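The values are calculated or read from the model by the stated rules, or taken from the named source; none is laboratory data. Here the structure is a predicted model, which means the values were calculated and not measured. Here the Cβ positions follow ideal geometry from the backbone for every residue, glycine too, while neighbour counts run over all protein chains shown.
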Amino acid sequence: MPVRQIPHTAPWITDREIDSVKVFLKGGNIGSSRETLRPAEEALRNFTDGHPVLLTTSCTAAMELALRCLDISPGDEVIVPSFTFVSTANAVLQCGGTPVLTDIDDRTLCLDIASLEAACTKRTRAVLPVHYGGISCDMDALSEIAGSRGMHVIEDAAHALGARYKGRPLGTLGSLGCFSFHDTKNCVSGEGGALVINDPKLTGRAEMIYEKGTNRSQFLRGEIDKYTWVCQGSSYTMSAVLATILAVQISRYEEILRGRRRVSRLYREGLSSLVREGHIRFTEVPEYSTPNEHLAFFLVRDTARRDKLLEYLQTRGIQAYFHYIPLHLSPYAMKRLGTRPGQFPVAEQISLSIVRLPLFPQMPDDDCAYVIECVKQFFHPERAVNVPSENGLRSSPKPEIEPPDLSLVIPCYQEEGHLKNNLDEILKTLDETPFRYEVILVDDASRDGTAKVIRQYLENHPHHRLRAIFHEKNMGRGAAVRDGLEAASGRFAGFIDIDLEIHARYLPAALKRLVSGEADMVIADRHYPFRLPTLSRYITTRGYRFLVRTLLGTPAFDTESGFKFFRLERIIPLLKEVKDQRWFWDTEVTVRSHDAGLKISVIPVVFIRNADKKSTVRLLGDGVRSLFCLVRFMRERHHPHRRPNGPNILNYKA
């Protein structure tokens, strides 16, 4: 399947917008005035039940203007969801108020009503709900809480132009509403926003702040004979050129919406099998909500695979992204607002699992099909591949296979000479077992022909479940194994060195202990019956094992053996704690597994030294580095909250 290039979003600009701007510029009056802004304002009022609107430079400016209308000032609190763009909270801070963060509803990703109620205090002046992706918050429940406490509701409807709640337009249900026309939105002007004034009592104050603190609006309506400075204000007015584009875009709203609905429908239908299989889920659209298809997204149930999916889609030319990092996890919020990790678990979970797909109204159907196919191939690597035919794309069917029992990671660095024969031997051994398997080859930026051999091998063995990861720069043995484990999809995963100094024949014994539940981790214990190691290597190996046991207080594991297997669900959470990316990784992951209470089983293996092998281990340099790492690790284990001064020994390079 040839790689395509599919942007995440693309404004749909036609000759109508271009011709309208040309006419406007030729007219000579290009300043922002009531006359030049009126076409866009009147078009927008069709989406606000006729409520007055003020066109602004951005939705951020609209929210700031709304808060100033309510005279939000120091000491006042405004409730906002943690899962939103920073502008929602920044607008509150700009007015001197304090944003109070809350969690979101797992079903809709909108503000959670129970969290809202718990966050209310005597100082709460307003709530800023976000209609995420054009799906409405539960506005009746929210308005009831706000009304009972004398709070204003300002709708952050940046995503929600044209979306509805029980038939009523979003942006018109609170005291004030705010829209965005950024070039990622449904109707665009490049940059721009609008304030919707739903409470008539706020109209006069909004106009004065909007007109730089003057009563110029009253003057233009003939209500006074001259205007003057009456309050603090600022310049919020949208450029008339952008308003000209916006007027045409709004007039094309139904055409744009039809295109977006078509793409969203294709995604939901095309990915429904992954929903049934439990790989992904879509959020709910409540009966009260009529969305505008602003975003196309799903949630990956296995969060450990989300980033790998995004990376995979990028390699296929698809601009798919995550979304917000919850505000409460930001350094600024933790310092300024005193937030902490774990405070809003739903927002954190959604942030780790969301995948946003490309969506724009003019997106071709075959591009949608390509995105769908690539997502499916990530979860089913051996599913059918689309190939060109005279009538477009046809599918070359293959039976879908069940997830593997074992994911075998093979880290490679300068292994061109070992790969072909030893890979054949490994696959032969695996084929003789009753286990379903996949093999993940990780090339750590080898300078020889390793990468080329791997690619050729994958091409020549299409019926085996083989995958490859290629590092752009050398990151170290530990990083290679870690990346392979994080990409694994089997119940059990582990790694073996391609030189087969520990043969693959020991795999069944290791897997038997994992399958039986006897062990969460299996380590090889090397024995040298046929050829003794050199005296220096023997002393180094035995001495290092003695130091690990003495300094770290662990059993006498052969921590440096290149043969370790795990229950995947137990090792994945620990990988983030392992700091070293090079040879000390083996020791660190073993000790951390022991500390975490994993059941570790040791199997004796015959270690056969390859006399022709040119080792990538530098006995003196890597030995010194490992000693430094060992001392540093010992100190951290004894003082987990202490960070010793001096160089980062875990990253020391001898």
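Are any of the residues in the range 494-504 under 21 Å from Arg306 (Cβ atoms), touching a residue at least 12 places away in the same chain (Cβ under 8 Å) and either among the small types (Gly, Ala, Ser) or in contact with a Ser or Thr (Cβ under 7 Å, 6 or more places away or on another chain) (or both)?
Of the range 494-504, the ones under 21 Å from Arg306 (Cβ atoms) are none.
No, the range 494-504 contains no residue that is under 21 Å from Arg306 (Cβ atoms), touching a residue at least 12 places away in the same chain (Cβ under 8 Å) and either among the small types (Gly, Ala, Ser) or in contact with a Ser or Thr (Cβ under 7 Å, 6 or more places away or on another chain) (or both).
Quick check on this structure: which one of Gly167, Gly213, Gly204, Gly193 is crowded, with 17+ Cβ neighbours inside 10 Å and over 30 Å from Cys374 (Cα atoms)? Can you show your working first?
Details: Gly167 fails: crowded, with 17+ Cβ neighbours inside 10 Å; Gly213 fails: crowded, with 17+ Cβ neighbours inside 10 Å; Gly204 fails: crowded, with 17+ Cβ neighbours inside 10 Å.
One residue alone meets the criteria, Gly193.
With the checklist (1) over 30 Å from Leu173 (Cα atoms); (2) without any contact (Cβ under 8 Å) to a residue 24 or more places away in the chain in hand, flag the one item Gly50 doesn't pass.
Of (1) over 30 Å from Leu173 (Cα atoms); (2) without any contact (Cβ under 8 Å) to a residue 24 or more places away in the chain, only one is false for Gly50: (1).
Would you mind stating whether Val92 is without any contact (Cβ under 8 Å) to a residue 40 or more places away in the chain, over 25 Å from Arg45 (Cβ atoms) and buried (at least 24 other Cβ atoms within 10 Å of the Cβ)?
Working: without any contact (Cβ under 8 Å) to a residue 40 or more places away in the chain: yes; over 25 Å from Arg45 (Cβ atoms): yes; buried (at least 24 other Cβ atoms within 10 Å of the Cβ): yes.
Considered against the rule, which asks whether it is without any contact (Cβ under 8 Å) to a residue 40 or more places away in the chain, over 25 Å from Arg45 (Cβ atoms) and buried (at least 24 other Cβ atoms within 10 Å of the Cβ), Val92 comes out as yes.
At least 3 residues that are of a type in the set (S, T, N, Q) and touching a residue at least 40 places away in the same chain (Cβ under 8 Å) in each: list the helices (runs of 4 or more DSSP H) lying fully within the range 302-386 that qualify. Quick ask: steps written out before the conclusion?
Values: elements: 306-315, 331-336, 345-353, 365-379.
Helices (runs of 4 or more DSSP H) meeting the threshold: 345-353.
Looking for something farther than 23 Å from Asp586 by Cα and surrounded by 14 or more Cβ atoms within 10 Å (Cβ to Cβ) - is there at least one such residue anywhere in the range 438-448? Outline the logic, then answer.
At the first step, the residues of the range 438-448 found to be farther than 23 Å from Asp586 by Cα are 447-448.
Subsequent filtering for residues that are surrounded by 14 or more Cβ atoms within 10 Å (Cβ to Cβ) retains none.
Within the range 438-448, none of the residues are farther than 23 Å from Asp586 by Cα and surrounded by 14 or more Cβ atoms within 10 Å (Cβ to Cβ).
Take the residues in the range 168-187 that are within 25 Å of the chain's Cα centre (by Cα) and over 20 Å from Ala91 (Cβ atoms), then tell me which one is modelled with the highest pLDDT.
This residue is Asn186.
What number of residues in the range 465-493 are of a type outside the set (Asp, Glu) and either part of a strand (DSSP E or B) or without any contact (Cβ under 8 Å) to a residue 40 or more places away in the chain (or both)?
Residues of the range 465-493 of a type outside the set (Asp, Glu): 465-471, 473-482, 484-485, 487-493.
Now drop any that are not either part of a strand (DSSP E or B) or without any contact (Cβ under 8 Å) to a residue 40 or more places away in the chain (or both), which leaves 466-471, 473, 492-493.
Qualifying residue count, the range 465-493: 9.
So Lys452 ticks every box in (1) modelled with pLDDT of 90 or more; (2) part of a strand (DSSP E or B); (3) basic (Lys, Arg) but one. Which box is left unticked?
That leaves (2) as the condition not met.
Check the range 104-120 and report whether any residue there is touching a residue at least 60 places away in the same chain (Cβ under 8 Å), within 25 Å of Gly233 (Cα to Cα) and among the polar types (S, T, N, Q). Outline the logic, then answer.
Applying the first criterion (touching a residue at least 60 places away in the same chain (Cβ under 8 Å)) to the range 104-120 yields 104-109, 112, 115.
Filter once more, keeping what is within 25 Å of Gly233 (Cα to Cα): none.
Looking for residues that are touching a residue at least 60 places away in the same chain (Cβ under 8 Å), within 25 Å of Gly233 (Cα to Cα) and among the polar types (S, T, N, Q), one finds none in the range 104-120, hence no.
All but one of (1) touching a helix residue (DSSP H, G or I) at 6+ places or on another chain (Cβ under 9 Å); (2) in contact (Cβ under 8 Å) with a residue 24 or more places away in the chain; (3) outside any strand (DSSP E or B) hold for Ala10, so report the exception by its number.
For Ala10, the failing item is (1).
Answer yes or no as to whether Gly134 is within 25 Å of the chain's Cα centre (by Cα) and either surrounded by 24 or more Cβ atoms within 10 Å (Cβ to Cβ) or in the same structural domain as Ala247 (by TED's automatic domain parsing) (or both). Walk me through it before giving the result.
Numbers: within 25 Å of the chain's Cα centre (by Cα): yes; either surrounded by 24 or more Cβ atoms within 10 Å (Cβ to Cβ) or in the same structural domain as Ala247 (by TED's automatic domain parsing) (or both): yes.
Yes: the conditions hold for Gly134.
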